[in-house]
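Below you'll find the structure, written out as structure tokens, and then a few comments.
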Amino acid sequence: MAIFKLKVNRKEYQVDVDPSTPMLWVLRDHLNLVGTKFGCGMAQCGACTIHLDGIAVRSCITFVDSVGDKEITTIEGLSENGDHPLQQAWIEHDVPQCGYCQSGQIMNAAALLKANPHPTDEEIESAMNGNICRCGTYTRIKAAIKTAANS
Amino acid sequence: MTIVKTELNRRSFIKSSLLTGGGLLIGFNWLAAACSTSASKGQSIPDEWFEINGYLKIGENGVVTIMSPNPEIGQNVKTSMPMIVAEELDVDWKNVLVEQAPLNTAIFNRQLAGGSDSIKQSWPGLRMAGASARKMLMDAAAKKWNVPVEEITTELGILYHKNSGKKAGYGEVASAAAQLPVPKEVELKDLKDFKIIGTSKKNVDGHKIVTGQPLFGLDYKKEGMLIAMIVHPPAFGMKLKSFDATDVKTKPGIKDVFQIKIFNDDYKPQWCDTTSFTELVAIVGNSTWEVMSAKAYLKVEWEPFADYKIAMAGWGGDQLVNVPAGLESTAEHNAKMTAASAKPGKIERRDGNPEEAFKEAAKVIERTYTAPFLAHTPMEPMNFFADVTADNAVLIGPIQSPEYMEKTLAARLGLPLEKIDIQMTRMGGGFGRRLYGHFMVEAALISQKVKAPVKLIYTREDEITFGIYRPAYHALYRAALDDKNNLIAFHVKMGGVPENALHANRFPAGAVDNYLAESWAIESNISVGAMRAPGSNFNAVAEQSFLDEVAEAMGKDPIQFRLDLLKRAKENPVGEKNDYDAARYAGVIELVRDKSGWEKDSAGKNRGVAAYFCHSSYVANVVDLTGDKDNPVIQKVYAAIDCGIVVNPDAAINMTEGAIVDGIGQSMYGQLTFSKGQPDQDNFDSYRLIRHTEAPKEIEVHFVQNEIHPTGLGEPPYPPVMGALANALYKATGDRYRHQPFIKNSFES
Ligand code: FES
Ligand code: FES
């Protein structure tokens, strides 16, 4: 066990965990931020996507001791009032079915739009290819990303 | 207007007191505010609630809370079921909050997510709940104003008495209405007066989903809760011999390691009980990562089990199921299926004289179709919270079959049914997997042993290797043509491991004079169960691909061929037990023909068509694709659907789109294979699911407009697209795709 100081969603936290603990479980178990989801634990599904200094990473393979003083953003901190253009577009297109994958999809899409504010269809598809939606909401996700990009 | 007798009784009120106080998911503690209702639309929460019946309560300010009785698995019933109640209550949807009801069979009928039946079966009950509450509010207003109730009208949550000009919001009379008797009969609205049903309403949990609020079983927490995981045999055909927990117990955060036994010896399992791995090792600790990493240090010895028989309480009475010993492999399954298909099967239906017709045929077309085992892989892995004490058990989490699992739990824990409290969380998918709730029993037994609240979590590997899989299927189809290329006989022989997918009385039964349907099955110790449109999810692909080949051999357009068969089935059906409506079936085929421009617009396109009937609904698809064998690109999928009245159109389109993507994904890439009893795939690096780049570029969904009461939609749009895809692939590549997965997994080389 070791003490780690973390900056999550603009707040400072301190946790006492094993250095090999993935951020996914630090967030979910220790910081009570459960919006970041567990899907595979091996960087295959994207359900656990968070931002490290604005870059989308898979929190299931991002170990707490590798974070340092980088700023972590989770779905809970993506916007103050849940009104990020992507969150609004997601509601407008009524994207979710079960909803489980969607926080990971949104976090991945947010990083995409930051790097590429007006992606083409092909760019959206390939940037989002690491995020599985078992319910098959892919066409709506694409439409929502385009709406957000144009807003 | 229709007058119906109500089925709500006094009991609904007494038992419903369980529901007061927003009393769902009470244990969420720090999560409670976020979880209990859908209040996120800026409604003001009332100071006081008045319970009108078990389905709804009304606040003094007119805000209404409607309970959604059935488990929400992504099929959107948590929005569409309350919409039906709100319609008959005649309230403004803006003033409606929704709560997930806990399991309460005294109030709610059939709290099950399965069979595409939630809306279909609950349609009358939900309407009645809304209508009887409306009547009670009208009675209360009539009393207050001292006017005959017949003179009272309602609109959007307001009661009016035209003659006196009096009006009152529902909230103003809710307290009085709650004291009144339940009306013996109520008026239901005319369909033409619907204001909510048939309009698109957004997912009531939408805001919570996109902001990452706790909603799912995996998100549930309670003070003092421990985390548990199980270790199960690595292969089907194996059981636990012994284990040594010395090392695990030294790992940080680990509290206890012990064996659990899922059933008592004299227990007769029911359909939702799983008997493949009934003795497991449980590891309990403080946090998820500690338990997950400690798991690797458990030393376990497994041993093969001998043949055994198990008495199961099935739908049609008790069944003695044979469980063979052995470590099975896919190669061995395939060899056995090929051999079984060469032998006569059990005759399930026979019309005319098929043997004779095949003998006389000028041409016989014979094709074999296969499909592998599939794992359900819902995005949220199996999990459940349990808090079991000496006289009571609380279980909270994702389950499709709470009513049934309540019985299993009561039997195993030795508690009466009323001491089992099951609360359903939103489910991160299920597709049938969460009908089989062994994980609830596991969680309960672990909590009982450690005397603490426990959340059991499966890893993805646990989920895939401890599956209740879609069986492996095999089908032989034959068609006999006379010398004028007329179809004179049709033969299907279906089998599988460990069960087949035959629906002997479905189309084209009833459309061909000489018809034979046979079945067979190969015993196995691999656990299987329902997966989205069970049986149909194979039949549609095999049969609809075969019909395409037959049409081609006859020189007919594949749509016209199907319509001709359905015309025959409608006008002069063969046999009596045909379980489809030929006119509605033809209706969706005509609709997809017209919407896709099949007749005018097919030149130069690689398009395939298919149609299928299951779960009381009819669906037809046209698939257009470009590209080649190695890289097909699905440009567009058209869907035409007859599921009766559509409650929430945009959500229905969403579910259809999802089913189409799912069907394409499973038939293109899905497969679970076995070596020595062990699944060869265990996570998404080896078990391939469809991804963004592989999804269709466009999906267009059309519903037949009619006034038939709603039928299923969760499953029906899933099977036929696979057949349409196979037929489009043929157009693009010149090859028939008879064996799934159509595209060999990129993981194999
Ligand atoms: S849980 Fe991290 S990518 Fe799947
Ligand atoms: S909405 Fe269910 S997995 Fe994406």
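Here is how the numbers come out for the structure above:
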read-out: Residue pairs meeting the criteria (Cβ under 7 Å; at least 6 apart or on separate chains; first farther than 19 Å from residue B:740 by Cα, in region B:672-692; second assigned to a strand (DSSP E or B)); value: B:677/B:238
read-out: Residues located in region A:132-145, provided they are part of a loop (DSSP other than H, G, I, E, B) and facing chain B (nearest Cβ under 7 Å); value: A:132, A:134, A:135, A:136, A:137
read-out: When residues of region B:389-403 are limited to those that are outside any loop (DSSP other than H, G, I, E, B) and of a type outside the set (Asp, Glu), the one nearest to residue B:314 (Cα to Cα); value: B:402
read-out: Residue B:300 vs. criteria hydrophobic (A, V, I, L, M, F, W, C), at pLDDT below 95, surrounded by fewer than 17 Cβ atoms within 10 Å (Cβ to Cβ) and outside the structural domain of residue B:688 (by TED's automatic domain parsing); value: no
read-out: Flag if residue A:68 is more than 8 Å from every other protein chain (Cβ to nearest Cβ), small (Gly, Ala, Ser) and over 21 Å from residue B:208 (Cβ atoms); value: yes
read-out: All positions within region B:159-186 that are touching a helix residue (DSSP H, G or I) at 6+ places or on another chain (Cβ under 9 Å), surrounded by fewer than 18 Cβ atoms within 10 Å (Cβ to Cβ) and not in a strand (DSSP E or B); value: B:162, B:163, B:164, B:175, B:176, B:179, B:180, B:181
read-out: Which numbered condition residue B:643 misses (of (1) touching a Lys or Arg at 6+ places or on another chain (Cβ under 6 Å); (2) more than 14 Å from every other protein chain (Cβ to nearest Cβ)); value: (1)
read-out: Single match in A:115, A:148, A:111 (criterion: small (Gly, Ala, Ser) and either facing chain B (nearest Cβ under 9 Å) or in contact with a helix residue (DSSP H, G or I) (Cβ under 8 Å, 6 or more places away or on another chain) (or both)); value: A:148
read-out: Inter-residue pairs, beta-carbon under 7 Å, first closer than 9 Å to residue A:103 by Cα and in region A:39-50, second within 13 Å of ligand 2 (Cβ to nearest atom) and basic (Lys, Arg), 6+ apart; value: A:47/A:37; A:48/A:37
read-out: All positions within region A:38-61 that are within 9 Å of ligand 1 (Cβ to nearest atom) and over 9 Å from the mean Cα position of the chain (by Cα); value: A:38, A:39, A:40, A:41, A:42, A:43, A:44, A:45, A:60, A:61
read-out: Residue within region B:677-700 that is crowded, with 20+ Cβ neighbours inside 10 Å, touching a Leu at 6+ places or on another chain (Cβ under 7 Å) and within 21 Å of residue B:618 (Cβ to Cβ) present; value: no
read-out: Condition met for residue A:99 (away from ligand 1 (no atom under 11 Å from the Cβ), on the phi > 0 side of the Ramachandran plot and crowded, with 17+ Cβ neighbours inside 10 Å); value: yes
read-out: Cβ pairs under 9 Å, 6+ apart, first in region B:427-447 and free of Cβ contacts under 8 Å to residues at least 24 places away in the same chain, second more than 16 Å from ligand 1 (Cβ to nearest atom); value: none
read-out: In region A:81-96, residue farthest from ligand 2 (Cβ to nearest atom) [restricted to those that are facing chain B (nearest Cβ under 7 Å) and crowded, with 24+ Cβ neighbours inside 10 Å]; value: A:87
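Here is a yes/no grid of residues against (1) within 21 Å of the chain's Cα centre (by Cα); (2) part of a helix (DSSP H, G or I); (3) within 16 Å of ligand 2 (Cβ to nearest atom); (4) at pLDDT below 95:
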| site | (1), (2), (3), (4) |
| --- | --- |
| B:378 | yes, no, yes, no |
| B:381 | yes, no, yes, no |
| B:387 | no, no, no, no |
| B:405 | yes, yes, no, no |
| B:408 | yes, yes, no, no |
| B:421 | no, no, no, no |
| B:443 | no, yes, no, no |
| B:452 | no, no, no, no |
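The rows are residues; the columns are (1) assigned by TED's automatic domain parsing to the domain that holds residue A:34; (2) farther than 15 Å from residue A:146 by Cβ; (3) charged (D, E, K, R).
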| site | (1), (2), (3) |
| --- | --- |
| A:69 | yes, yes, yes |
| A:89 | no, no, no |
| A:100 | no, yes, no |
| A:110 | no, no, no |
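The values are calculated or read from the model by the stated rules, or taken from the named source; none is laboratory data. Keep in mind that this is a model prediction, so the values were computed, not measured. Every residue, glycine among them, receives a Cβ derived from its backbone with ideal geometry; neighbour counts consider all protein chains shown.
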